[in-house]
Amino acid sequence: MEAILARDDTNNSVTRVLKFEPGTDTSPLGVLKHEFWEEVFIFEGSLADQRLNRTFKAGDWAVRPPGMEHGPWISEHGAKLYEVRYYQKRE
């Protein structure tokens, strides 16, 4: 489930709240990689990043630069995240 809080169609920036239900497993989607910056704050629950072999818990903050491989995730008990996606002009 996602709730879009703000979207700027002129530069494709998005701010949203994302909810993973208990038992979520995104393994079928494989590893993700994208061309935008992504900042994520987990404010409830936890997510295990299978690629990084690391579990992120409530209170953790992650910053992913463009091109960084991450995921898939497993969330045994569910999680809620605040996420910001934005592009940065390359010079």
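Table for the structure above
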| item | result |
| --- | --- |
| Relative contact order [Cα under 8 Å, 6+ residues apart], the chain, whole percent | 39 percent |
| Local electrostatic count at ALA3 - Lys and Arg +1, Asp and Glu -1, tallied over other residues with Cβ under 15 Å | +1 |
| Translational diffusion of region 2-86, µm² s⁻¹ [Kirkwood Rh, Cα pairs; Stokes-Einstein; 10 °C; 1.306 mPa s] | 121 µm²/s |
| Residue (of GLN88, PRO28, THR15) at the positive-pole extreme of region 2-91, dipole from beta-carbon charges | GLN88 |
| Summed side-chain charge close to VAL14 - residues other than VAL14 whose Cβ falls under 13 Å, Lys, Arg +1, Asp, Glu -1 | -3 |
| Residue (of PHE41, ALA62, ILE74) at the positive-pole extreme of region 30-91, dipole from beta-carbon charges | ALA62 |
| Total charge dipole magnitude, the chain, about the Cα centre, Cβ charges on Lys, Arg, Asp, Glu only, Debye to nearest 20 | 120 debye |
| Environment charge at GLU44 (Cβ cut-off 13 Å; Lys +1, Arg +1, Asp -1, Glu -1) | +1 |
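Coordinate-derived values only; no laboratory data. Because the structure is a prediction, the values reported are computed rather than measured. Ideal geometry is used to build each Cβ from the backbone, glycine not excepted, and the neighbour counts take in all protein chains shown.
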